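Below: one structure, written as structure tokens.
The values are calculated or read from the model by the stated rules, or taken from the named source; none is laboratory data. Please read all numbers here as calculations on a predicted model, not as lab measurements. Quick reminder, even Gly has a Cβ in these numbers, built from the backbone with ideal geometry, and neighbours come from all protein chains shown.
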Amino acid sequence: MGYGHIAGEHAEGIQKFYTAYLNPYLNYNRPCGYATVSLDGRGKRRREYKVEDYATPYRKWKGLPEAEKYLKPNTSVARLEEWKGKLSGTEFAKKMRAERSKLLRRCKIESPVARGTE
């Protein structure tokens, strides 16, 4: 979120930002590298990141056999597809940055809690 202190009264707003903007952006638009792990002759694990192993978490999940069984009970594939199609990655990133800026500006406003005697 930033480098400065954010007072506790802003925690709910930050959580809402993560749920509404950051998590969907990461799940649908930001590729991750998934390692292919192999063992060498001495039994040491070796991780290799192949080009074909880069995908968004959503795409990786969709590639799993019987992916639907990993969903929460009140979530459907149709609902996830609806989320996916809302905005392009660039549009979503711009909107997310704008919302983050608004949130951080609200957090910079002086805290209503008394700072003590000065």
When every residue in region 29-45 that is in a strand (DSSP E or B) and touching a residue at least 12 places away in the same chain (Cβ under 8 Å) is compared, the one farthest from E82 (Cα to Cα) is T36
Within region 54-87, of all residues that are among the charged types (D, E, K, R) and loosely packed, with under 10 Cβ neighbours inside 10 Å, the one farthest from L22 (Cα to Cα) is E66
**Asked** Within region 14-23, is even one residue among the hydroxyl-bearing types (S, T, Y) and touching a Phe, Trp or Tyr at 6+ places or on another chain (Cβ under 9 Å)?
**Response** yes
By residue number, the members of region 56-112 that are part of a loop (DSSP other than H, G, I, E, B), free of Cβ contacts under 8 Å to residues at least 60 places away in the same chain and small (G, A, S) are G63, S76, G85, S88
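With the requirement that a residue be within 19 Å of G63 (Cα to Cα) and either surrounded by fewer than 10 Cβ atoms within 10 Å (Cβ to Cβ) or of a type in the set (G, A, S) (or both), what does region 37-53 give you?
V37, V51, E52
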Exercise. Report whether or not L80 is within 22 Å of K102 (Cα to Cα) and either in contact with a strand residue (DSSP E or B) (Cβ under 9 Å, 6 or more places away or on another chain) or modelled with pLDDT under 90 (or both).
Key: no
Fill in: V37 vs. criteria among the β-branched types (V, I, T) and at pLDDT 90 or above
yes
Expected output for region 3-28 (first residue assigned to a helix (DSSP H, G or I), partner of a type in the set (A, V, I, L, M, F, W, C) and loosely packed, with under 10 Cβ neighbours inside 10 Å, Cβ below 8 Å, 6+ apart or cross-chain) is E9/V113
Those residues of region 88-101 that are farther than 16 Å from T19 by Cα, surrounded by 12 or more Cβ atoms within 10 Å (Cβ to Cβ) and not small (G, A, S) come to a total of 1
Residue hits (region 48-77; under 18 Å from the mean Cα position of the chain (by Cα), more than 17 Å from T36 (Cβ to Cβ) and of a type in the set (D, E, K, R)) are K62, K72
